[in-house]
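Notes follow the structure.
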Amino acid sequence: MANKQWSSRLAFILTTAAFSVGVGNIWRFPYMVGEGGGGAFLFVYIILCLIIGVPILIMEMTLGRMAGTTPLLGFGKLSSRKSWNYFGWFGVIGNILIMSYYVVVLAWVLIYAYEALVGRFNGMSADVLGDHFSTIAASSVKIISVVLLILAMTWWILKQGLQQGLEKYTKGMMIALLLIMIGLSLWAGTLDQAMEAYRWYLKPDFSKISIDTVLSAMSQLFFSVGVGMTIAFIFGSYASKKDNMVTGAAWIIFADTFIAILAGFMLFPIIFSYGMAPDAGPNLIFVTMATVFGLMGTLGQLLGTAFFILLFLAGFTSFLTALHGIKASFEDRFLIRGSK
């Protein structure tokens with residue numbers, strides 16, 4: 001394995017957080033909150049982040065630092081039995097399968113960013129937009145073309161290496177993502193039903209907490225943070241022996257949770273103010289939010305474009321870091337000379 005190391009502790013935290021922060025924070029988290037009863041789900045989710053998310057992330061990153069290599073060789077190195085390396089393949093193969101679907105979702109988002117920009121959603125009803133999304137999803141040539149564009153962008157960044165490629169570009173995209181989110185959240189706070197949305201979102205109704213709420217919150221935690229997908233293990237292998245894994249994991253979980261919560265501050269005031277349902281499920285982004293932007297006219301074109309660019313940046317940082325992990329694993333296992 002090439003001697004790769006983070007340029008700084010901040011780079012380690014930001015890049016690992018970039019993997020955790022993805023489409024799941026801005027698309028999946030809000031609709032899971034909606035289905036889980038608002039504040040009740042949020043309360044359970046934060047508790048699970050503290051008692052499950054942080055410890056598991058610490059363990060995975062620490063194992064990576066101890067191994068000093070990727071899971072395809074690292075498990076065998078830690079156990080002194082090479083047969084354990086087969087367990088690393090589960091994570092790598094799982095990652096490949098997930099990213100094969102994830103890149104298609106990114107293609108949908110990029111297409112919607114363009115359609116928002118040109119005002120395609122103006123005047124469309126939710127029913128029409130539902131059919132429109134089905135048409136987009138079935139447009140194989142268009143989807144494949146956008147997927148190839150995303151893969152080309154990914155290859156161009158990753159070929160520049162860890163520090164000059166992955167670190168540099170994820171840092172810039174994370175800053176852009178945060179600025180757009182804050183701007184949209186501040187605007188959403190000026191809408192008529194913002195205070196009602198905040199009360200629903202932040203005030204837990206403990207009577208709504210059930211075993212289903214806990215299981216849903218746990219599934220969102222694992223989906224969002226991305227533990228068990230080998231990436232935290234690999235990024236831990238780049239860490240210095242002086243890096244504190246406990247505080248590092250805490251900051252990564254904090255960043256991931258903060259972005260997810262901020263997504264609620266951005267989306268729910270809009271949904272409440274325009275009379276939409278917060279429990280719309282997976283349709284929340286591609287149907288509900290597109291409908292809302294279509295009702296706003298020219299303002300909706302600008303806000304919709306910013307929103308879908310934001311969603312793409314969140315997803316692309318996760319995709320980029322995941323592909324780096326897959327690439328590094330194969331370089332390590334098959335002794336391919338990778339970029340530093």
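The values are calculated or read from the model by the stated rules, or taken from the named source; none is laboratory data. Since this is a predicted model, take the numbers as computed values, not measurements. Neighbour counts run over all protein chains shown; Cβ positions are idealised from the backbone, glycine included. These area figures cover heavy atoms from the full protein model, side chains too; ligands, DNA and RNA do not enter into them. Shrake-Rupley method; radii C 1.70, N 1.55, O 1.52, S 1.80 Å.
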Check your understanding: What percent do you get for the relative contact order of the chain when only Cα pairs under 8 Å and 6+ apart count?
Key -> 46 percent
Revision key, fill the gap. Straight-line reach check, K208, cutoff 17 Å on alpha carbons, 8 or more apart in-chain or any other chain, hits among aspartates and glutamates -> E35, D279
Revision key, fill the gap. Per the Cα gyration tensor, the chain corresponds to an equivalent ellipsoid with semi-axes, largest first in Å, of 35, 23, 17
Point to revise | Filter on K171/K327; K82/K242; K82/K171; K171/K203 - keep pairs with C-alpha separation over 26 Å | key: K82/K242; K82/K171; K171/K203
Revision key, fill the gap. Stokes-Einstein D for segment 258-340 (37 °C, 0.692 mPa s, Kirkwood Rh from Cα pairs), in µm²/s, comes to 215 µm²/s
Check your understanding: Is any residue of segment 29-53 close enough, with backbone N under 20 Å, to a label point placed 7 angstrom from the Cα of M195 along the Cα-Cβ axis, and if so, which?
Key -> 39
**Study point:** Dimensionless Rg ratio for segment 230-269, taking C-alpha atoms and the 2.2 N^0.38 Å reference
**Key:** 1.56
Exercise for review: Whenever you get a sec, compute what percent of the accessible area on segment 4-84 sits on carbon and sulfur atoms (1.4 Å probe).
Suggested key: 67 percent
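Before I look further, what does the chain give for accessible area per residue, probe 1.4 Å, in whole square angstrom?
Averaged over the residues of the chain, the accessible area is 43 Å².
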Exercise for review: Could you grab the Rg to Rh ratio for segment 127-185? Cα atoms only, Kirkwood for Rh.
Suggested key: 1.16
Review point. How high is the FRET efficiency from F334 to L117, r the C-beta distance, R0 30 Å, rounded to 0.05?
Key: 0.10
Check your understanding: Quick one: if you stick a label point 7 Å off each Cα along the C-beta vector at D205 and I175, how many nm between them?
Key -> 4.3 nm
Exercise for review: Please sort through the DSSP H helices of the chain and keep those with an alpha-carbon extent of at least 27 Å along the long axis and a Kyte-Doolittle average not below 1.6.
Suggested key: 245-273
Review point. Dipole of the chain, Cα-centred, from +1 at each Lys and Arg C-beta and -1 at each Asp and Glu C-beta, to the nearest 20 debye?
Key: 1560 debye
**Study point:** Accessible surface of segment 213-340 [probe 1.4 Å, protein heavy atoms]: carbon and sulfur percent
**Key:** 69 percent
Review point. On full extension of the chain, what length is gained from V128 through V141, given 0.36 nm per residue of separation minus the C-alpha to C-alpha distance?
Key: 2.5 nm
Revision key, fill the gap. For segment 79-237, the percent of all C-alpha pairs falling in each 5 Å bin, from 0 up to the bin holding the max distance, is 1, 6, 8, 12, 15, 17, 16, 12, 7, 3, 1, 1, 0
Check your understanding: For the charge dipole of the chain, defined by +1 on Lys and Arg C-beta atoms and -1 on Asp and Glu C-beta atoms about the Cα centroid, which residue among S219, I309, I231 has the Cα displaced farthest towards the positive pole?
Key -> I231
Review point. Are there trypsin sites (Lys or Arg not before Pro) in segment 22-121 that DSSP marks as loop and that have at most 13 other Cβ atoms within 10 Å, and which are they?
Key: R81
